[in-house]
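Peer 1: So that we are looking at the same thing, I have put the structure below in structure tokens.
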Amino acid sequence: MNGTVELIIDGKPITLPTVVGTEGEVGIDIATLRSKTGAITLDPAYGNTGACKSAITFIDGEKGVLQYRGYDIAELAQKSTFIETAYLLIYGELPTSAQLNEFSGLLTANEMLHEGMRHHFEGFPPTAHPMAILSSMINAASSYHPNLIHAREEHFPFHAARLISQVRTIAAFSYRKAQGLPSIYPKTTLKYTANFLHMMFSHPGEDCEPKPEVVKALDLIFLLHADHEQNCSTSTVRMVASSRANLFASASAGVCALWGPLHGGANQAVLEMLEEIHKEGDDGTKFLTAVKNKTGNRKLMGFGHRVYKNFDPRAVIIKEQCDKVLAQLHVSDPLLDIAKKLEEIALHDEYFVSRRLYPNVDFYSGIIMRAIGIPMDMFTVLFAIGRMPGWIANFKEVMDDPESRISRPRQIYTGATLRTYKPLAERD
Ligand code: SDX
């Protein structure tokens, strides 16, 4: 497209500018559409609508490409760590040693929750879902940092580090509470992911020494989840940030959006699906028949994606990691065998092939988390821990954009037209 497009409305041509991204994506800029024509566009789930320009993550769904700030996900998975990648996403460049040390130091300095926060945990019933606790406690945490509400730019590094560090502490504390166990405080001597496992699985009398392969597998899972362009929860974070709400409020809203089984909740839904198939002694074929017949609106959880119409590159990496970790831990999981069988059938079945449905990031991640002892209702919480740097990077991009305005979509009204009020007597 050569910089403009022409639209004909009621026989009248109007010219609209186009925007071309650094990877050649073309957007039609409709900012003047309503003022020029009185018409708006309608795209309910935003499948064809760009909400923003962003320099953080690039996805090519047709080719199965995912890049964080220009670095391919497979290379980062092989050579980087979650915290180094978090810095890259938020600040745009891979850190120098000094920058990485400073960032790690901020994470360590902010890993403890205010002691007053511990009482908030007591208010939740033992059956509370950890995602409900997480979204509430992130907002509660903001109350202990008054300069967060009217944050100045120079405060951002502290708030960002505090959120990345404390989301992990809140998650571990919520798990310990659900298990009826005492909270385990973070250790300043441990790196991010090892510290999380320490807070999850140590005991007052005995420190958990997580195996290096377990730490590496979980760090990789966090890294692979760290950002993903304008997905549902990240778009939620940007929407809340656009009203100039604070970082913690925006992230708390992101947690709520991520919880849905069509989004981040899918990793838990995949394991529930595999367990149900296993319990019924089905090898997956019966279940897939029900999915294809849309019996009870069944879906093959962990399959399909709004953007990837080819393999989700993260699923490829996680599947390889799955085999490796289970072999290292000498774990054989019948659910993994069922997952592989489902994938093998689906990849050759017309229903899935014609709809371009492939495994996504959630299809295998739960199996690794289960193998390292993470309970199922914590799976989406770990997704949130991984996604936190991406949400923070998108929050920062909104705040740093001088042209950023409050998000306020339009609608097409389909309700009753004007009518006059009828007194109750006339309505009976
Ligand atoms: C994540 O956006 C992101 O980037 C998200 C994410 C991230 O990192 O942030 O990648 C993380 O959320 C991954 C997706 C996790 N969700 C699931 O695994 C849930 C199962 N997947 C589906 O619900 C679905 O594929 C979605 C929600 C992921 C995508 O839905 P779309 O794009 O709205 O697709 P659709 O519902 O319009 O489906 C088109 C067709 C329909 O059939 P027909 O009406 O044409 O007959 O495909 C069918 C759907 O019924 N279909 C499925 C299916 N996914 C789509 N059929 C069976 N099983 C599935 N999983």
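Peer 1: Taking the Cβ of ASN246 as the centre, find all other residues whose Cβ is under 13 Å away and add up their charges (Lys, Arg: +1; Asp, Glu: -1).
Peer 2: +4
Peer 1: Here is a further query. Residue by residue through region 255-266, what is 3J(HN,Hα) from phi via Karplus (6.51 cos²θ - 1.76 cosθ + 1.60, θ = phi - 60°)? Round to whole Hz and write x for glycine and proline.
Peer 2: 4, 5, 5, 5, 4, x, x, 7, 10, x, x, 5
Peer 1: I'd like the carbon and sulfur percentage of the solvent accessible area for region 266-371, probe radius 1.4 Å, heavy atoms only, ligands and nucleic acids excluded.
Peer 2: Reported share for carbon and sulfur atoms: 50 percent.
Peer 1: What figure in square angstrom, to the nearest 10, would you give for the accessible area of LEU100 with a 1.4 Å probe?
Peer 2: Surface accessible to solvent at LEU100 totals approximately 50 Å².
Peer 1: Leaving out ligands, DNA and RNA but keeping every protein chain, what accessible area does VAL316 have, in Å² rounded to the nearest 10, with a 1.4 Å probe?
Peer 2: 60
Peer 1: Go through region 1-69 and name the GluC sites (Glu not before Pro) that are in a DSSP coil and have 14 or fewer other Cβ atoms within 10 Å of their Cβ.
Peer 2: GLU23, GLU25, GLU62
Peer 1: Viscosity 1.002 mPa s, temperature 20 °C: what is the translational diffusion coefficient of region 159-256 from Stokes-Einstein with a Kirkwood Rh over Cα pairs, rounded to a whole number of µm²/s?
Peer 2: 143
Peer 1: In percent, what relative contact order does the chain have, based on Cα pairs under 8 Å that are 6 or more apart in sequence?
Peer 2: Computed value for the chain: 20 percent relative contact order.
Peer 1: For the pair ILE8/LYS294, report the inter-label distance in nm, with labels modelled 7 Å from Cα in the Cβ direction.
Peer 2: Distance between label points: 3.6 nm.
Peer 1: Further question on the same structure: Residue by residue through region 267-273, which ³J(HN,Hα) values in whole Hz follow from phi under the Karplus form 6.51 cos²θ - 1.76 cosθ + 1.60 (θ = phi - 60°), with glycine and proline marked x?
Peer 2: Along region 267-273, the couplings run 5, 6, 5, 5, 5, 4, 5 Hz.
Peer 1: For region 266-371, just say rounded, prolate or oblate: build the C-alpha gyration tensor, square-root its eigenvalues into a ≥ b ≥ c, call rounded for a/c under 1.5, and beyond that prolate if a/b exceeds b/c, oblate if not.
Peer 2: Oblate, because a/c is 1.5 or more while a/b does not exceed b/c.
Peer 1: Could I ask something else about it? Scan around ILE28 for amide H atoms under 5 Å from its own, H built in the peptide plane at 1.01 Å from N, and keep only partners 5 or more places away or cross-chain.
Peer 2: Answer set, sorted by chain and number: VAL19.
Peer 1: Would region 198-239 count as rounded, prolate or oblate if I go by the C-alpha gyration tensor, calling it rounded below 1.5 in a/c and otherwise prolate when a/b exceeds b/c, oblate otherwise?
Peer 2: Taking the square roots of the gyration eigenvalues as a ≥ b ≥ c, region 198-239 is oblate.
Peer 1: For ASP312, ASP282, what's the largest-to-smallest order of accessible area, 1.4 Å probe?
Peer 2: ASP282, ASP312
Peer 1: Where does each of ILE317, ILE30 land when they are ordered by accessible area, with a 1.4 Å probe and the largest first?
Peer 2: Descending order: ILE30, ILE317.
Peer 1: Follow-up. Just flag the GluC sites (Glu not before Pro) in region 251-296 sitting in loop per DSSP whose Cβ has no more than 14 other Cβ atoms within 10 Å.
Peer 2: Answer by residue number: GLU280.
Peer 1: Taking the Cα centre of region 266-371 as the origin, how large is its charge dipole in debye, to the nearest 20, when only Lys and Arg (+1) and Asp and Glu (-1) carry charge on their Cβ atoms?
Peer 2: Once rounded to the nearest 20, the dipole reads 480 debye.
Peer 1: Hey, got the dipole for the chain? About the Cα centre, +1 on K and R Cβ, -1 on D and E Cβ, debye to the nearest 20?
Peer 2: Roughly 1120 debye for the chain.
Peer 1: Of GLY386, PRO13, VAL361, which is farthest on the positive side of the dipole of the chain, counting Cα position, with +1 on Lys and Arg Cβ, -1 on Asp and Glu Cβ, and the Cα centre as origin?
Peer 2: PRO13
Peer 1: If you don't mind, another one. For the chain, what percent of Cα pairs sit more than 34 Å apart?
Peer 2: That fraction is 37 percent.
Peer 1: Quick check: from the Cα gyration tensor, does region 92-237 come out rounded (a/c under 1.5), prolate or oblate?
Peer 2: Judged from the Cα gyration tensor, region 92-237 comes out rounded (a/c under 1.5).
Peer 1: Label HIS119 and LYS309 with points 7 Å out from Cα along Cα→Cβ: what is the distance between them in nm?
Peer 2: 5.6
Peer 1: Efficiency by 1/(1 + (r/R0)^6): what FRET value for THR32 and ASP400, r their Cβ-Cβ distance, R0 = 22 Å, to the nearest 0.05?
Peer 2: 0.35
Peer 1: How much length is gained if the chain between MET112 and GLU426 is pulled fully straight, taking 0.36 nm per residue apart and subtracting their Cα-Cα distance, in nm to one decimal?
Peer 2: Full-extension gain reported as 106.7 nm.
Peer 1: Sorted by accessible area (1.4 Å probe), largest first, how do SER97, SER54, SER80, SER165 line up?
Peer 2: If we order SER97, SER54, SER80, SER165 from most to least accessible, we get SER97, SER54, SER80, SER165.
Peer 1: What figure in square angstrom, to the nearest 10, would you give for the accessible area of GLU403 with a 1.4 Å probe?
Peer 2: The value for GLU403 is about 150 Å².
Peer 1: Right, next: Determine ³J(HN,Hα), in whole Hz, for all residues of region 181-194 in sequence, where each value follows from phi through the Karplus function 6.51 cos²θ - 1.76 cosθ + 1.60 and θ = phi - 60°; x replaces Gly and Pro.
Peer 2: Karplus values, whole Hz, x for Gly and Pro: 10, x, 5, 10, 7, x, 10, 5, 8, 9, 6, 3, 6, 5.
Peer 1: What value, in deg cm²/dmol to 500, does the helix sum -39500 (n - 2.57) over DSSP H runs of n ≥ 4 give at 222 nm once divided by the residues of the chain?
Peer 2: -15500 deg cm²/dmol
Peer 1: LYS36: which aspartates and glutamates have alpha carbons under 16 Å from its alpha carbon, excluding same-chain residues fewer than 8 sequence positions away?
Peer 2: GLU6, ASP10
The values are calculated or read from the model by the stated rules, or taken from the named source; none is laboratory data. Quantities reported herein were computed from a predicted structural model and do not represent experimental measurements. No Cβ is skipped: glycine too gets one built from the backbone with ideal geometry, and neighbour counts run over all protein chains shown. Keep in mind that these areas ignore ligands, DNA and RNA; they rest on the heavy atoms of the full protein, side chains included. Shrake-Rupley method; radii C 1.70, N 1.55, O 1.52, S 1.80 Å.
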